[in-house]
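Asker: The structure under discussion is supplied below as structure tokens; questions concerning it will follow.
The values are calculated or read from the model by the stated rules, or taken from the named source; none is laboratory data. Small disclaimer: the values here were computed from a predicted structure and weren't measured. We place every Cβ from the backbone using ideal geometry, glycine too, and count neighbours over all the protein chains shown.
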Amino acid sequence: MNELKGAEVFPWLAERWQHVVALHSAARLPHALIISGTQGIGKQAFARALARYLLCQSPAQGQACGSCRSCVLFDSSGHPDLFHLQPEEPGKPIRVDQVRELTGFLHSTAQQGGYRLVVLEPAEAMNVAAANALLKTLEEPGRDTVLLLVTHRLGQVMPTIRSRCQRIDCHPPQTDEAVAWLASRLELEDEKARQLLAISLGSPIRALEYMQQDLMAVRRKFLAGLADILKQQRSALEVAQQLAKEDLELLLGWLYGWLLDIVRVGTTGDESYLRHTDVRNMLVAVARRVGPQPLYALADLVHEERISLMQRQNPNRQLLLERVLLQWSALVR
Ligand SMILES: [Zn+2]
């Protein structure tokens, strides 16, 4: 999920953001910041957002513009004046030769003529040799260079490194704030969001990841089931049995969207109408074989069953899914 790889300032870090932006506006931004705080509260996204902001050629009101050459580079292929230093594999140390690469980068001229940015995460992953090599850079970073070190174990970062960076301490959101944010981001009820946050040990970012990864797995399972039914490799009943315990409201919501896609493509013959391109092959295959009437009938059924689920009329979940999948299997008979 790209979102988490992205650059974003979560609302509970907005005050920290204002602080850094104010330092920058006053030309008092230090050349090295250490962004610390517990895991899973958005420090990496904050560091990336800051790098993006500092590289932006026309920032306004404390935000990167999102459309200049720098922003476009940052958002697509990667910005040539941004150096991202992290372990080659999670859990492995950052090695001294990686820091030497960084030094080489810093000795070159900024390609876009502005800042050079380094995002180093997690800072505690540097082994002693790497940390010592970085010290020299921290002492003489060169002009227009900003190093952003991210750590969730500040105590494990060498004191000599810490003392050369300005600390940006990040705090997790209050539980109610995290619940409200998760509920709105994932379109969940507060109670579900609260449970999810508890499972994720209070980290809203982990909760988001957890939910999205989990959902992607469910989506793949559902798609595989629908495809198997079409290919007559499994029966509708078998697939219903496998999926009955999943969030059916979600499954039916997905199916409804896919059916509308099939109708759009079927009636126009134009594949560019597809909204769910990750399912392209199956949707196009069905669109070629099935006319609009049975598709509308199935979409109506899905819609009705979804409403009955939402109204908690306590339906038999497996039977409900069987009805839908039997009708799906009848599409291509
Ligand atoms: Zn920009």
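Asker: Restricting attention to the stretch 104-121, which residues are more than 14 Å from the ligand (Cβ to nearest atom), without any contact (Cβ under 8 Å) to a residue 60 or more places away in the chain and either over 26 Å from A27 (Cβ atoms) or surrounded by 15 or more Cβ atoms within 10 Å (Cβ to Cβ) (or both)?
Answerer: G104, F105, L106, A110, R116, V118, L120
Asker: Filter the stretch 245-275 for residues that are crowded, with 16+ Cβ neighbours inside 10 Å and not in a helix (DSSP H, G or I); which is modelled with the lowest pLDDT?
Answerer: Ranking the candidates gives L274 first.
Asker: Starting from the stretch 189-207, take each residue that is not assigned by TED's automatic domain parsing to the domain that holds V9 and list its partners that are among the charged types (D, E, K, R), counting only C-beta distances under 8 angstrom and pairs at least six apart or across chains.
Answerer: S200/R206
Asker: Something else about it: Given A125, A183, which one is not polar (S, T, N, Q) and not assigned by TED's automatic domain parsing to the domain that holds I35?
Answerer: Values: A125 fails: not assigned by TED's automatic domain parsing to the domain that holds I35.
Residue meeting the stated conditions: A183.
Asker: When the residues of the stretch 71-87 are filtered to those that are in a loop (DSSP other than H, G, I, E, B) and free of Cβ contacts under 8 Å to residues at least 24 places away in the same chain, which remaining residue is nearest to the ligand (Cβ to nearest atom)?
Answerer: Applying the filter and picking the extreme gives S76.
Asker: Tally the residues that are part of a helix (DSSP H, G or I), within 16 Å of the ligand (Cβ to nearest atom) and either aliphatic (A, V, I, L, M) or touching an Asp or Glu at 6+ places or on another chain (Cβ under 6 Å) (or both), restricting the search to the stretch 21-70.
Answerer: Result for the stretch 21-70: 6.
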